[in-house]
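The values are calculated or read from the model by the stated rules, or taken from the named source; none is laboratory data. The model shown is predicted, which means the values in this text are computed figures rather than measured ones. All Cβ positions, glycine included, derive from the backbone under ideal geometry; neighbour counts span all protein chains shown. What goes into the accessible areas is simple: the full protein's heavy atoms, side chains included, and nothing from ligands, DNA or RNA. Shrake-Rupley method; radii C 1.70, N 1.55, O 1.52, S 1.80 Å.
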Amino acid sequence: MNATGYYTHPLFRKHEMGPGHPECPQRLSAIDDRLLVTGVLDALEHRDPTPASVAEIELAHGRMHIAAMRGLCDFLKEDILAGGPTHYHVDADTALNEYSYEAALMSAGAAICATDAVIAGELENAFCAVRPPGHHACRDKAMGFCVFNNVAIAAKYALERHGLERVAIVDFDVHHGNGTENIVAGDDRILMCSFYQHPFYPEGGALSDAPNLVNLPVPAYTKGLEIRELIEASWLPRLEQHQPQLIFISAGFDAHREDDMGQLGLVEQDYAWITLKLKAVAKRHAQGRIVSCLEGGYDLSSLSRSVEAHLRVLADV
């Protein structure tokens, strides 16, 4: 099939981290509104995810981390009934509310459901409009707005449960996917390719020089043409060599020039170009199979336009 799946769920809007937080439910509303008015939403196959099981989360995370996230949300529910706080901060940037654990299970579940459907041939590719995002979540630590690492879980799931031999993770968020690196570094079955602004959050950028990582740190104010040249020179040869049987995308759109969360200079056409290049690799080596999951992107207008551009390429519309 050539269908593009679109996975989202009402729980993703119930997770929120307090007034004024940039990683807010309105991000998904902006995306849905843009896809509706442009007609792109009609070209997608809408699918409802189911939550990931604890065993599936454990493919990428330690049991104590999972238990801690669940426990904190359970305590919050009790505190709220007693008139206590409505949020718990796990770090300066990342907070949980009473729905965060359930939303995080559903967010990882969306990536897993999309992986199942794409591998089964029901869909050619899929986009998961999820919250909370995932690429900063380390094996034993929530951080950077992230609770569980959706893409890393799905990549491990494709290898362990579906028996794939090689997958790739491509991360084009403005921030380095340190959590994904923490989970997949040294696993030769997974090739991780990324570019990111550096120096920037997270401190230190890439911390591993494992051979399965292709990290491209770029300075602030780098524009799209320079990023395209780096991708042509570094990502694409390694992807061709790896011959992934499925490509996962950590689709962060905060490298857009209008997004003040970062200082890079990409525009919608750059995201379309990157998606087109990845789609060509997937056609050659992975039967076209791509699973893309939303990460960053905090200016609502540029986020929604960039997702539209990404999905137009995935869905050929």
Discussion item. If I go through segment 277-317 residue by residue, how many of them are on the phi < 0 side of the Ramachandran plot, open to solvent by 40 Å² or more (accessible area, probe 1.4 Å) and among the polar types (S, T, N, Q)?
Written reply: 1
Discussion item. Considering only residues that are open to solvent by less than 70 Å² (accessible area, probe 1.4 Å) and assigned to a loop (DSSP other than H, G, I, E, B), which ones fall in segment 202-238?
Written reply: Pro202, Gly204, Gly205, Ala206, Ser208, Ala210, Asn212, Ala220, Thr222
Worksheet item: Are there any pairs, at least 6 apart or on different chains, whose C-beta atoms fall under 7 Å, with the first in segment 261-287 and touching a residue at least 60 places away in the same chain (Cβ under 8 Å) and within 28 Å of His21 (Cα to Cα) and the second part of a loop (DSSP other than H, G, I, E, B) and among the acidic types (Asp, Glu), and if so, which?
Response: Met261/Asp254; Gly262/Asp254
Practice prompt. Just give me the residues in segment 152-177 being of a type in the set (A, V, I, L, M) and touching an Asp or Glu at 6+ places or on another chain (Cβ under 8 Å), in sequence order.
Written response: Ile153, Leu159, Val174
Discussion item. I'd like to verify a number: residues in segment 80-93 that are open to solvent by 60 Å² or more (accessible area, probe 1.4 Å) and either within 17 Å of the chain's Cα centre (by Cα) or small (Gly, Ala, Ser) (or both), how many?
Written reply: 3
Practice prompt. Given the conditions (1) within 14 Å of the chain's Cα centre (by Cα); (2) among the basic types (Lys, Arg); (3) surrounded by fewer than 20 Cβ atoms within 10 Å (Cβ to Cβ), report the number of the one that Lys77 does not fulfil.
Written response: (1)
Worksheet item: Within segment 112-121, is there a residue that is over 19 Å from the mean Cα position of the chain (by Cα) and surrounded by fewer than 16 Cβ atoms within 10 Å (Cβ to Cβ)?
Response: yes
Practice prompt. Give me a count of the residues in segment 1-50 that are assigned to a loop (DSSP other than H, G, I, E, B), touching a residue at least 24 places away in the same chain (Cβ under 8 Å) and either open to solvent by 40 Å² or more (accessible area, probe 1.4 Å) or on the phi < 0 side of the Ramachandran plot (or both).
Written response: 16
Worksheet item: Can His242 be described as farther than 29 Å from Pro211 by Cβ and open to solvent by less than 30 Å² (accessible area, probe 1.4 Å)?
Response: no
Discussion item. Kindly evaluate Arg238 against the criterion of being among the basic types (Lys, Arg), touching a residue at least 12 places away in the same chain (Cβ under 8 Å) and out of contact with any helix residue (DSSP H, G or I) (no Cβ under 7 Å at 6 or more places or on another chain).
Written reply: yes
Worksheet entry | Output for segment 94-105, where each listed residue is more than 18 Å from Phe248 (Cβ to Cβ) and either among the aromatic types (Phe, Trp, Tyr) or open to solvent by less than 20 Å² (accessible area, probe 1.4 Å) (or both) | Thr94, Ala95, Leu96, Asn97, Tyr99, Ser100, Tyr101, Ala103
Worksheet, complete the sentence: Picking from Val214, Val218, Val281, the residue that is in contact with a Lys or Arg (Cβ under 6 Å, 6 or more places away or on another chain) and aliphatic (A, V, I, L, M) would be Val214
